[in-house]
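Only one structure is covered here, and it is reproduced in the block below.
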Amino acid sequence: MIHYAAETFTPGERDVLRRYVTNLHLPVFALVNLPEVVKGALFARYSRSHKTLRRLLLDEFVDDLDISGDESIDATAGVARAEQLYQRVFVEYGDDSVAQLGAVHLACEQASNVLTKVLERGRLMSYLEQSTRYLAYDERVHGRYRYHRPPGVTNSPAGTRYVGDIDTMFDAYGALVRRLGAWLAEHRGAKASHGSAGSAAASGVPAGGDLARRRALRAQAFDAARGLLPAASLSNVGIFGSGQAYEALLLRMRSHPLPEARSYAALMLTELRKVIPSFLRRVDQAERGVVWSAYLEANRTAMDDVARELFGDETPQPVPEVVLSDWDPAGEDKMLTAMLFPHTDLPESQIASRVAQMTEAQRLDLVRRYVGERSNRRHRPGRALERIDYRFDVLADYGSFRDLQRHRLLTIEWQPLTPHHGYVVPALVEAAGGGDAYDDVMELSADLYGALDEVAGPLEASYAVAMAYRVRYSMQFNAREAMHLIELRSQPQGHQDYRRIVATMYHHIAETAGHRAVAAMLSHVDLSEGTLGRLSAEQDTVRRRSAVPASSHPASANTPSPPAAARTTTD
């Protein structure tokens with residue numbers, strides 16, 4: 001049985017909470033009887049708070065709500081009347097689309113960073129996850145570091161070693177954050193602080209001076225140190241989705257080979273049935289959901305066997321970090337045709353013939369008119385850009401994969417997380433003199449993975465893999481999604497690892513595919529380098545909160561950060 005840390009509340013707090021959450025002690029619960037804006041705001045706080053959602057509700061939101069009329073509500077009791085109502089609707093209409101019309105805000109806490117990728121796989125859901133950028137991950141709960149302890153591992157002969165080695169990784173993470181904080185304070189123009197003892201929360205990042213700069217330095221230290229965190233690290237995820245989307249997610253999780261995923265699915269199903277019971281009636285019915293999950297499991301097992309038969313003796317060939325593996329050489333012609341199609345009454349073939357005769361100047365003029373004046377990266381042209389697809393093969397650190405995997409309007413598949421593909425060392429770590437200690441943790445992580453693989457198998461062994469290790473994944477998306485993803489992830493406030501990845505994707509679209517018209521439309525791609533990427537964003541936050549004029553905040557330093565260094569481990 002998986003152990004989850006339980007929260008404690010006063011009788012008065014329990015009385016308030018039971019009106020708005022479906023249980024008071026489990027890591028999964030639904031939010032009910034709250035304004036939609038409050039639910040969204042609660043999830044938004046997840047990314048920058050160590051607090052659980054229940055504690056956030058009590059500490060930061062309840063005082064601003066009128067709860068006087070909710071005394072008689074007990075959300076933990078479920079919704080029997082709703083069950084009867086929804087069942088009648090299903091019987092009368094019998095249409096799966098009905099399940100698209102009821103949605104739930106579900107808090108999923110204490111999930112490992114292996115499980116979070118399972119939770120966030122569905123396209124038709126919204127997610128918000130606790131960030132490694134704004135929070136120190138070496139804070140303890142009930143005296144223990146926050147990481148998953150799988151029973152299959154802890155009850156094995158390697159259990160004691162697992163706990164000891166993962167604790168060591170968290171110790172090293174905290175020490176590195178403090179080292180980086182001190183180095184940044186000295187070399188990036190901020191004033192030094194006086195106390196850096198304790199957890200990484202006391203990171204050595206300066207306590208005085210410009211608030212935005214301090215936040216930017218702190219985020220940079222956390223960014224560089226996150227590679228030491230094991231995939232077992234726990235996170236909180238807020239999910240918003242329809243009944244149909246939850247059904248699909250639960251069917252996948254119930255068939256998943258990871259025990260944590262199957263166990264967590266049971267918790268989710270229990271809580272969701274308190275809110276949208278009939279939408280999920282089929283999930284555990286023998287002739288419906290059980291058969292469906294068995295189908296998914298059988299297919300996965302069959303493909304594992306086929307891949308093992310075909311490639312069991314092969315080793316990976318060396319490849320660049322990002323490879324454009326597939327594209328349509330005629331894609332731009334097809335895109336131009338699609339741009340014109342809704343504005344004429346002609347068949348597509350006739351429009352395509354005319355496009356093929358256009359001069360380069362005419363083609364560029366058509367693109368310019370279709371795109372218009374994009375004064376903001378959120379201003380995106382229409383669906384003609386969906387006529388072109390690009391497929392990328394990426395081999396990059398697990399930390400940046402976590403960020404990119406959350407994009408949903410694309411197809412992404414990933415391979416198991418192992419230490420076999422080497423790891424990335426941020427240049428900041430080397431500059432601060434932390435390279436040797438970083439390498440030591442990578443060696444510890446790889447050795448622990450090997451030990452766990454022998455007793456629990458490769459899937460649960462992945463909990464021991466540090467986030468700096470590379471994982472291979474493919475991403476396929478159209479030009480419109482490329483505009484959104486590459487422009488967003490290339491902004492200076494982004495993590496340097498995924499900025500490097502999307503910058504390479506951009507160059508591949510322009511040079512490898514030769515789609516210069518597409519590249520030209522991505523006018524808000526930012527390929528600049530900067531020392532304090534988040535400084536501008538943090539200054540904006542400070543100005544919004546304090547109404548201080550922009551001119552009162554100093555500009556960021558312009559010393560570029562060196563590129564990341566990479567090491568590859570050998571067998």
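The values are calculated or read from the model by the stated rules, or taken from the named source; none is laboratory data. Everything numeric in this text was worked out from a predicted model, so none of it was measured. Neighbour counts are summed over all protein chains in view; Cβ atoms, including those assigned to glycine, are modelled from backbone coordinates with ideal geometry. Note: areas computed on protein heavy atoms with side chains; ligands, DNA, RNA excluded. Shrake-Rupley method; radii C 1.70, N 1.55, O 1.52, S 1.80 Å.
Things worth noting here:
- Sequence of 428, 101 from largest to smallest accessible area, 1.4 Å probe: 101, 428
- With Cα atoms as the point set, the radius of gyration and Dmax of segment 93-155 evaluate to 16.8, 53 Å.
- For residue 401, net neighbour charge (Lys/Arg +1, Asp/Glu -1) across residues whose Cβ lies under 11 Å away: +2
- Rounded to the nearest 10 Å², the accessible area of residue 292 at probe 1.4 Å: 130 Å²
- Where 407, 524 fall by accessible area, highest first, once all protein chains stay in place (1.4 Å): 524, 407
- Residues whose amide H falls under 5 Å from that of residue 28, counting only those 5 or more places apart or on a different chain, are 109, with hydrogens built in the peptide plane.
- Surface calculation, 1.4 Å probe, protein heavy atoms: residue 18 sits at approximately 70 Å² accessible.
- Heavy-atom accessible area ranking, 1.4 Å probe, most first, across 247, 186: 186, 247
- Spherically averaged projected area in nm², based on the convex hull that wraps the Cα atoms of segment 355-492: 11.7 nm²
- Just the protein heavy atoms count here, and of the accessible area of segment 435-509 at 1.4 Å, carbon and sulfur take up 46 percent.
- Here, segment 239-328 yields an orientationally averaged convex hull projection of 9.5 nm² when only Cα atoms define the hull.
- Computed in the context of the full set of protein chains, the accessible area of segment 280-344 at 1.4 Å probe radius has 58% of its extent on carbon or sulfur.
- Solvent-free Debye scattering, log10 I(q)/I(0), computed from the Cα coordinates of segment 204-275 at q = 0.20, 0.21, 0.23, 0.24 Å⁻¹: -0.87, -0.92, -1.04, -1.10
- Per residue, segment 114-189 exposes 40 Å² of solvent-accessible protein surface, assessed with a 1.4 angstrom probe and all protein chains in place.
- For segment 439-528, accessible area per residue (1.4 Å probe, heavy atoms of protein chains only), Å²: 31 Å²
- For residue 51, the aspartates and glutamates whose Cα comes closer than 20 Å to its Cα, not counting residues fewer than 8 places off in the same chain, are 7, 13, 15, 59, 60, 63, 64, 109, 129, 138, 139.
- A Cβ-based charge dipole, computed about the Cα centre of segment 390-494 with Lys and Arg at +1 and Asp and Glu at -1, lands at about 760 debye.
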